[in-house]
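Heads up: the structure comes next, in structure tokens.
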Amino acid sequence: MKAVTTTPSDVDVVLPCLNEAEALPWVLERIPQGWRALVVDNGSTDGSARIAQALGATVVHESRRGFGAACHAGLRAATAEVVCFCDCDASLDPRLLLPFVREVRDGEADLVLGRRRPQGRGAWPAHARAGNLALARMLRRRTGLRLHDLGPLRATRREPLLDLGLTDRRSGYPLQMVVRAADAGWRIAEHDVPYLPRTGASKVTGTWRGTWQAVRDMSRVLAEAPVEAPAAAKGVR
């Protein structure tokens, strides 16, 4: 297995992690050469942090539970110009981020998102797809963006993202990122990516209850009044 870069690089990949010991080797092996993996341990009890460190990743500890809390802790710990986000459950291959980063660096887009295309049965439960579709429609009404997915695979520049002042620390974090980016006039691109059956049990979309809790979190984000972004966060061109 190739080593993961632990020293600062020009791309950091934030990997929120809660009990992903089984998936971590597969994910970390696929971090592009020269990039740094930031595994944000969100209270794992299965040795995930120890495994990630042994495999060469930089481990960040975030005691506050929540997907957004883990993502934002990783963002704050990042030092690279470009930061990426990817789930740590082996459902998405981090190598898919390579063209996303090129698009950001070339100035073609300010935020690039992956539209998940399920591969095989069980990759994306029906209730999770239904919730995602409903949110995409609400997002279109709120911002005018014609996106199809609010998936976790994404790339952008770190400093402008910090300037957006994201506040959600639960399931609404990915949506708030898109909403505030749209309000700030960012160019947002979306590309199809294969979505594999995850390793282990989902903490959110594996159940109807978890899915609709996430929908409620995101609906709350959509109900927020537009926030005026700092000049540094606008038009990241």
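Summary table below
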| read-out | value |
| --- | --- |
| Residue 130-residue 189 pseudo-label distance in nm [points 7 Å out on the Cα-to-Cβ vector] | 3.5 nm |
| The stretch 7-46 shape via C-alpha gyration tensor axes, a/c threshold 1.5 | oblate |
| Relative frequency of Cα-Cα separations exceeding 16 Å in the stretch 77-177, percent | 63 percent |
| Of 45, 31, 69, farthest towards positive along the dipole that unit charges on Lys, Arg, Asp, Glu beta carbons give the stretch 13-101 | 69 |
| Length added when fully stretched, residue 10-residue 33, from 0.36 nm per residue minus Cα-Cα | 7.2 nm |
| Cα gyration tensor shape of the stretch 24-121, rounded if a/c is under 1.5, else prolate or oblate by comparing a/b with b/c | prolate |
| Only Lys, Arg (+1) and Asp, Glu (-1) charged, at Cβ; the stretch 73-141 dipole about Cα centre in debye | 480 debye |
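Rule-based calculations on the coordinates, nothing more; no lab input. This structure is a prediction, so every number in the text was calculated from the model and none was measured. Here the Cβ is made from the backbone with ideal geometry for all residues, glycine too, and neighbour counts use every protein chain on show.
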